[in-house]
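Comments concern the structure below.
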Amino acid sequence: MKLISILLTQNTRSPLYVFVTSSRILGYEVPKFCYYSTSRHKRSIKECYRILNVSEGCSADEVRDSYKTLAKKYHPDSGATTASTTMFVQIDEAYRDLLTHLAKESKKAQTMEDDEEKTPDYKMPQHRQYLSYEGVGFGTPSQRQRQYVQFRVDRATDQVLNFRKQKLEQQYAENSLIAKDVKHSKKVKTTQAIERLVEDLIQESMAKGDFDNLSGKGKPLNKFSSCPHIDPMTHNLNRILMDNGYQPEWILLQKDIRETIEKLRQDLLASRKKLGDPMTYRQENQWMEICETFRGDITKLNKKINDFNLVVPLLSRQMVHFNVDKEISRAERAFLALQEEMYAANKMNDNASEKMDDKQVKPTEVFLNWIKQLKKF
């Protein structure tokens, strides 16, 4: 006898499986009985949460993720050092019980929500006196009737006022549209009159022969660009836009950047000239504050440069950021150069004044020279 499997049932809930194996002892086969019971221990929901290592009130997805992690860790066929059949069986049973519990809770919550949706927010009183007069008023039926009549009068008055208001708004809108149409028609008439006047003046000048001496008379107009690598249509569109004062966004942005940096440089140099040299401790603090303000302005300007580099069509036209330290050093050098120029100009003025003093003759010398000239006579 190699292997015999016998099923014994102790009761309907816990079947008992008996496996009978055999082994040879002194030539005889001795059966060995192995019992395995499929009865499950009833665990509480808190114990299931603890076994699966999840917190109470978690979702079904978190339970599944935890079960997968623990199954990889304790499954007998995983080959891991932590593999345990007993632990895996507990995890599997806890997982199934917990999923069943969560499904029941979800169904119960859904049922409660459906009941709440079916239940009205408020219940109208079902007394006979509240079923008439649209539920308006209180007191005796005659009092409620008078109150209901007044309620209908007020409601009708509100409806009439709303109707008149809407009608007036509609008339105002129509009048404004008519005014716009009249203004537009006047503008069109004026434009057409000016065009007719210009056309008449051109025809009159042509009849007088004012256009006979124009250079290029009788020659075809050069509508297209002479460069064969440029699309004629694009060239003409660009020429029309330029003639009408249109400039691309990147050109305007580039102009704005150049004007801004030039103004910032001039303001920084003017502030440095105002502080003078040498600077006191207070003036040095003022210069530091001016440099910090200048640093913030340069940061804003660098952001504009980023926007410019995104829209510029040519890589060769892109701009680099301005360095604050270099700009401050540049202002210092310009201030020193101005000081040297002022020093040289003052020195030249001193030399010129000294020469003028040398040229001036003293009065005594002039008198002696005059006496010497008289003696000669």
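The values are calculated or read from the model by the stated rules, or taken from the named source; none is laboratory data. Fair warning: this is a prediction, and the values are worked out from it, not measured in the lab. Please note: Cβ atoms are built from the backbone with ideal geometry, for glycine as well, and neighbour counts cover all protein chains shown. Ligands, DNA and RNA are stripped out before the accessible areas are found, and what is left, the full protein with its side chains, is counted by its heavy atoms. Shrake-Rupley method; radii C 1.70, N 1.55, O 1.52, S 1.80 Å.
May I ask you to list the residues in the stretch 245-269 that are farther than 22 Å from Val311 by Cα and surrounded by fewer than 11 Cβ atoms within 10 Å (Cβ to Cβ)?
Of everything in the stretch 245-269, just one residue is farther than 22 Å from Val311 by Cα and surrounded by fewer than 11 Cβ atoms within 10 Å (Cβ to Cβ), namely Glu262.
Taking the criterion of being more than 16 Å from Tyr49 (Cβ to Cβ) and open to solvent by 50 Å² or more (accessible area, probe 1.4 Å), the residues of the stretch 102-113 that qualify are Ser106, Lys107, Lys108, Gln110, Thr111, Met112, Glu113. Taking the condition of a type outside the set (S, T, N, Q), at pLDDT below 85 and open to solvent by less than 90 Å² (accessible area, probe 1.4 Å), does Tyr133 pass? Considered against the rule, which asks whether it is of a type outside the set (S, T, N, Q), at pLDDT below 85 and open to solvent by less than 90 Å² (accessible area, probe 1.4 Å), Tyr133 comes out as yes. For the stretch 196-228, taking the residues that are open to solvent by 80 Å² or more (accessible area, probe 1.4 Å) and small (Gly, Ala, Ser), the one that is modelled with the highest pLDDT is identified as Ala207.
Conditions first: (1) part of a helix (DSSP H, G or I); (2) at pLDDT 90 or above; (3) of a type outside the set (Phe, Trp, Tyr). Glu340 passes all but one, so which condition is the exception? The failed condition is (2).
For every residue, the table says whether it meets (1) surrounded by 10 or more Cβ atoms within 10 Å (Cβ to Cβ); (2) at pLDDT 85 or above; (3) more than 30 Å from Asn53 (Cβ to Cβ).
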site	(1), (2), (3)
Thr100	yes, yes, no
Asp115	no, no, yes
Asp121	no, no, yes
Arg128	no, no, yes
Leu161	yes, yes, yes
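Report yes if Arg64 is in contact with a Phe, Trp or Tyr (Cβ under 9 Å, 6 or more places away or on another chain) and either part of a helix (DSSP H, G or I) or open to solvent by less than 30 Å² (accessible area, probe 1.4 Å) (or both), otherwise no. Taking the combined requirement at face value, the residue satisfies it.
Residues in the stretch 272-322 that are acidic (Asp, Glu) and closer than 27 Å to Ala337 by Cβ: Asp277, Glu284, Glu289, Glu292, Asp297.
For (1) within 22 Å of Pro313 (Cα to Cα); (2) in contact (Cβ under 8 Å) with a residue 60 or more places away in the chain; (3) among the aliphatic types (A, V, I, L, M), each residue gets a yes or a no:
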{"residue": "His229", "(1), (2), (3)": "yes, no, no"}
{"residue": "Asn244", "(1), (2), (3)": "yes, no, no"}
{"residue": "Ile251", "(1), (2), (3)": "yes, no, yes"}
{"residue": "Ser271", "(1), (2), (3)": "no, no, no"}
{"residue": "Met279", "(1), (2), (3)": "no, no, yes"}
{"residue": "Glu284", "(1), (2), (3)": "no, no, no"}
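For the stretch 293-300, does any single residue satisfy the condition of being part of a loop (DSSP other than H, G, I, E, B) and either touching a helix residue (DSSP H, G or I) at 6+ places or on another chain (Cβ under 8 Å) or surrounded by 14 or more Cβ atoms within 10 Å (Cβ to Cβ) (or both)? No, that holds for no residue.
Apart from one condition, Gln283 fits all of (1) at pLDDT 90 or above; (2) polar (S, T, N, Q); (3) in contact with a Leu (Cβ under 8 Å, 6 or more places away or on another chain); the exception is (1).
Among the numbered conditions (1) modelled with pLDDT of 85 or more; (2) exposed (fewer than 10 other Cβ atoms within 10 Å of the Cβ); (3) touching a Pro at 6+ places or on another chain (Cβ under 8 Å), the only one that Thr86 does not meet is (3).
Within the stretch 137-184, the set of residues being at positive phi and free of Cβ contacts under 8 Å to residues at least 12 places away in the same chain comprises Gly139 only.
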